[in-house]
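Here, each number is a calculation from the coordinates, and none is a lab measurement. Worth saying up front: this structure is predicted, and the values here are computed from it rather than measured. Backbone-built Cβ (ideal geometry, glycine too); neighbour counts: all protein chains shown.
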Amino acid sequence: MLDTPYVQTPSQTLGPFFHDALPYAAGPNLVSEGTEGERITVEGRITDGDGLAVTDALVEIWQADAQGRYNHPEDEQDKPRDEMFGGFGRAPTGEDGSFRFQTIKPGAVPGLHDAMQAPHINICILARGVMKRMATRLYFAGEDSNRDDPVLNLVPEGRRRTLMAERAAGEPVYRMDIVLQGENETVFFDI
Amino acid sequence: MSQPRPYRREQSAGQPAYLYPDYKSTLKRSPSQPLITIPHTLSEVTGPVYGHSRIAPVDADLTRQHAGEPIGERIVVSGRVLDESGRAVPHTLVEIWQCNAAGRYIHAKDQHPAPLDPNFTGAGRLVTDANGEYRFVSIKPGAYPWRNHVNAWRPAHIHFSLFGPSFVTRLVTQMYFPGDPLIPFDPIYGSVTDPRAGARMISRFDMESTVPEWALGYKFDIVLRGRDATPMEG
């Protein structure tokens, strides 16, 4: 296949110095006044194989609106789209490796055929030393629908907890730490 | 509802592995467990469709973002964004960033003792046109030392970030310059071990796109993941 002219261009690391280039207008705040849905904070910390903070990563999230519809032409579900919600956010990690988004809890979206997926947020991680974007998902701990989620069911049971965001007591704050390597390594997907 | 149209799976032979020990930063930042392959659902075949209104023409001309002109050799970097079927990827966001002609990034943490250029930030963005074409004006970035190994130097390069139409098609890469003597010594370039694939990251000098008596031209076409030609039942 490599002899055909149209093969994906090789991926390269983001490097450490992207901050002046990639400020996204909305950045880590996906919500505006008219957005429907439960306001939540999604946060976490990225660490490497030595447990050290990854201070120069870029975290991007992509999610459906509160009704479970993506703001994208290929989402042809027969339900209204929240025009006040784009669904994309971008945040660099801080000096302690942490990231934080202000968003809404997404609704459930369909999987393949008739299966439904549990509510989730798609995550893309880019950083120095990361040769290709790392794709993972954030699920909401305690959701009944997690049990039947077709993607979670592809993950060995013992590793599913790495994808679960725990809700802080009394606050709409969900936390999922991301471990790039080693003990408690986050599950990353080949998409 | 119709089923999502899946993308072709990544052709790993043309891509770097996560772990490439010659590039030291990969040692502790690469996953040790195999990735888990998941089907392409709506979550994967959709992705951010950028609002174009926020991009101004000056965002694509890195030589006109300040009161004065940056020091360096003016270049025009242009090309097409295509998918693996050779089809144009129109109206997609392309972001670039680079160091200045002396090899220094504006970033506060870049401690390379080369001069900053007050007239150069080194960041640009645009949206491809209906034919997937793009055109940036900039200055040629310099080489710079880094601490990966003794006497390590990065070849001149421009970082590119692209979205394409879906979460799957997201790509961050680097564009190199033809004939750069540092390329064979660079472990980031070398992480793409297939030489034919590596060559796809090197732009070509293009007399056509030079601007006479003003700027040199380089062409760099970028290919994003394409659809699976033979959708599988799953």
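Placing +1 on the Cβ of every Lys and Arg and -1 on the Cβ of every Asp and Glu, with no other charges, gives region A:77-137 a dipole of roughly 240 debye about its Cα centre. Note on chain A: dipole from Cβ charges, positive end direction compared against A:Pro73, A:Gly94, A:Gly27; the farthest Cα belongs to A:Gly94. For region B:159-234, GluC sites (Glu not before Pro) are listed when DSSP marks them as loop and at most 13 other Cβ atoms sit within 10 Å of their Cβ; the list is B:Glu213, B:Glu233.
Among the listed pairs B:Lys109/B:Lys140; A:Lys105/B:Lys219; A:Lys105/A:Lys132; B:Lys28/B:Lys219; A:Lys105/B:Lys109; A:Lys132/B:Lys140, a Cα-Cα separation exceeding 32 Å is found for A:Lys105/B:Lys219; B:Lys28/B:Lys219; A:Lys105/B:Lys109. Kirkwood analysis of the Cα pair distances in region B:48-224 returns a hydrodynamic radius of 16.9 Å.
Charging the Cβ of each Asp and Glu at -1 and of each Lys and Arg at +1, and nothing else, the dipole of region A:39-179 about its Cα centre rounds to 220 debye. Considering region B:29-88 at the alpha-carbon level, its Rg and Dmax are found to be 19.4, 51 Å.
Taken over the C-alpha atoms, region A:39-179 has Rg and Dmax values of 15.2, 47 angstrom.
In the protein assembly as shown, the calculated helix contribution to ellipticity at 222 nm averages -500 deg cm²/dmol per residue, counting -39,500 (n - 2.57) for every DSSP H run with n ≥ 4.
Relative contact order for region A:39-179: 30 percent, from Cα pairs under 8 Å spaced at least 6 residues apart, divided by residue count. Averaged over the residues of B:155-162, the number of partner chain Cβ atoms lying within 10 Å of the residue Cβ comes to 2.
When only the Cβ of Lys, Arg, Asp and Glu is charged (+1, +1, -1, -1), the dipole of region B:48-224 relative to its Cα centre reaches about 340 debye.
A compact globular protein would have a Cα radius of gyration near 2.2 N^0.38 Å; the ratio found for the protein assembly as shown is 0.96.
Once you keep just the Cα pairs under 8 angstrom separated by 6 or more residues, what percentage relative contact order results for region B:48-224? The partial results should precede the final answer.
Numbers: 398 pairs, mean separation 48.5, N = 177.
The value is 27 percent.
Using a Gaussian network model on chain B with a 10 Å cutoff between Cα atoms, which of B:Ser32, B:Ser161, B:Ser203 fluctuates the most? In this elastic network of chain B, the residue with the biggest mean-square fluctuation among B:Ser32, B:Ser161, B:Ser203 is B:Ser32. Let me know the shape class of region B:56-122, please: from the alpha-carbon gyration tensor, a ≥ b ≥ c as square roots of the eigenvalues, rounded when a/c is under 1.5, otherwise prolate if a/b is greater than b/c, or oblate. In terms of gyration-tensor shape, prolate.
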